[in-house]
Amino acid sequence: RPMPGFRAVYAGVTIPLSFSSFNRGEVREARAFLDQSQIQLSQQRVIVSNEVHAAYDKAKQMQLKRELFSESIVADAERVRDAILYSYQRGEASLLEVLEAQRTLNEVYTNYYDALSDYAESLITLSTASGQWLLEFHSN
């Protein structure tokens, strides 16, 4: 005892002071999440690119198909039917030939309208895939 009659009591209090909230586990988790997000983004870009390319290719094919059915093909089919009908009225053609010409004309019209419909549908698909509206509506 260094001094007589003196008692010492020591007490300590610890206060945790956070000098930095740096947690290596959270940083690794954030980096992994960032990497995963970047991979998902690149994957979505590839998917969208493929959809746009496929829709564009289909639109081009349908445009070529539509161009095959020019107005002259439909007009030619009508002229053939009218010529056979005229020949039938004069007695030079049979009713079967008239019916065959009408059936052919109906098929030409059906194929023409199918080509127009397919082309419009492909443009709508391309517009949806690309995010840009490619159609214009005209009122008569």
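Bear in mind these aren't lab numbers, they're just calculated from the coordinates by the rules spelled out. Being a predicted model, the structure only gives us computed values, none of them experimental. Glycine gets a Cβ as well: all are built from the backbone with ideal geometry, and neighbour counts include every protein chain shown.
Values for this structure:
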quantity	calculated
Signed unit charges on C-beta, dipole axis of the chain, positive-most listed residue 84, 131, 69	131
Contour excess over end-to-end distance, with Cα ends at residue 48 and residue 10 and 0.36 nm allotted per residue	6.5 nm
Quotient of Cα Rg and 2.2 N^0.38 Å for the chain, N being how many residues it contains	2.78
Length released on extending from residue 94 to residue 116, taking residue separation times 0.36 nm less the Cα-Cα span	4.6 nm
Cα-centred dipole magnitude for the chain, charges only on beta-carbon of K, R (+1) and D, E (-1), debye, nearest 20	1800
Spin-label zone in region 111-129 - amide nitrogen under 15 Å from a point set 7 Å from the Cα of residue 60 along the C-beta vector	123, 126
Lys/Arg +1, Asp/Glu -1 at C-beta; the chain dipole; positive extreme among 34, 15, 101	15
Computed [θ] at 222 nm, helices only, for the chain once each DSSP H run of length n ≥ 4 contributes -39500 (n - 2.57)	-26000 deg cm²/dmol
